[in-house]
1. Using only Cα atoms, figure out Rg for segment 194-273 and give it as a multiple of 2.2 N^0.38 Å.
2. Using the Cα centre as the reference, give the magnitude of the dipole from point charges on the C-beta atoms of segment 275-337 (Lys, Arg: +1; Asp, Glu: -1; all else neutral), rounded to the nearest 20 debye.
3. With labels modelled as points extended 7 Å from the Cα through the Cβ direction, what inter-label distance (nm, one decimal) is found for His251 paired with Thr172?
4. Return, for the Cα atoms of segment 153-201, the radius of gyration and Dmax in Å, separated by a comma.
5. How far apart, in nm, are the 7 Å Cα→Cβ label points at Thr160 and Ser192?
6. Expressed as a fraction of 2.2 N^0.38 Å, the rule-of-thumb size for a compact globular protein of N residues, what is the C-alpha radius of gyration of segment 158-291?
7. Beyond 16 Å, what share of the Cα-Cα pairs of segment 218-319 remains, rounded to the nearest whole percent?
8. For the pairs Lys200/Lys225; Lys275/Lys335; Lys151/Lys275, flag any whose C-alpha to C-alpha distance is greater than 21 Å.
Amino acid sequence: MKWHCFCAFHQHHEKKGQSGSWKYLSGEHQGAGRQKKTGQKGQGKGHHKIRDQHPGYAGLINQGATCYLNSILQCFFFTQELRDAVRRCEDQGESSLITQLRRLFEALQEDQGPVSTTAITRCLGLRDVHSQEDALSFFHMLLTRMAAEEKKLGQLFQMTLEQVTQCQGCETKTGLEEARLFLVVPVPQGPSGTPCSLDKAVEGLFQEEWFTGDNQYFCEQCDHKEDSCSTLCLRSLPRVLVIFLQRCTFHQGRLRKQWDPVAVPDMLSLPFQDKKSYDLFAVCHHFGDVTGGHYVADIKPSEDHRWYRFSDHSVELTTHPAESRTAYMLMYHQKDCHVAARPAGPLPNELSPREALTEVPECEPGTLGEHPRGKRHLF
């Protein structure tokens, strides 16, 4: 493919009555070409081409530079809870994203070769398929729109966090709750070549943070600044946990990508009053730097328990990414809350799923990749 731009982002918690917010720096490229059928070189070891041994999983056609879209859609398709919930939703017409997802999921289950995503991109108002988007901002936009059509779809991913700040003078506590669909976790820099632990990186989000000296907190009870302690607390857990690794940072005024290896555990626990464990089932990778690259998804289907790499139309057997320098998005099921795989039912339309995916839905154009609190910034 030709050059891509990779999105940088960071998490920023504003104290004193303001909720935490996500800030993005997004990039685009022009004129990306289609992937070769043999896949990309240099995309990690431990996988090989599938011929007769794979159980019939279908890839997705790259329309130009839509590898970010294909990777996220494959992750959604293999989220069994979401797939079943989408299948049970009532038909909402041609302009409905959920309707288009029903058809896409049905076509993927038919396994008749690579599946088109044209109806999805048209429904989303994505006119320039040669313009690269960031997987994080696209994931957020796609899930937000699904939840707007059917609230229960967003609830599968939703967690509630509260920023609790305690004044050290009067010991008054103030809290501010916020619903989120994913966590953004910084990648700690350790000794060269030594993988950092995802468990410890996640725990770092919930450690106490002290504000002293020039950074003191203004307490309304005391009516002056005081030392304070702030902690991010989990108030509710999601059925499906999504974690994005913050791999792009600014260093000496320049944006750069971190290649530090991260140990990716099969099972993850969150600091919550009722201990819940999560099982890994999908990892979205970005290969390349801030000026170029490619997205792929490593997924373990619930009915198979082997790992497969989905790179646009190519499907390859791979190994569990025990540690990775390229992992960008991680998806976990809440342990013991899996939804049993079910055969897909008929779609509420007269077209076959594959035919329906090539139809042009009549819907208003949208703006892809906009952050809900403002437009994205390009670099």
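Bear in mind these aren't lab numbers, they're just calculated from the coordinates by the rules spelled out. For clarity, every value in this text was computed on a predicted model and none was experimentally measured. Heads up, the Cβs are rebuilt from the backbone with ideal geometry, glycines too, and the neighbour counts pull from every protein chain shown.
1. Ratio of Rg to 2.2 N^0.38 Å for segment 194-273: 1.48.
2. 260
3. Taking the simple label geometry, His251 and Thr172 are separated by 4.4 nm.
4. Values for segment 153-201 (Cα only, Rg and Dmax): 16.5, 46 Å.
5. The modelled label-to-label distance comes out at 4.8 nm.
6. 1.25
7. 73
8. Details: Lys200/Lys225 32 Å; Lys275/Lys335 11 Å; Lys151/Lys275 26 Å.
Long pairs (Cα-Cα over 21 Å): Lys200/Lys225; Lys151/Lys275.
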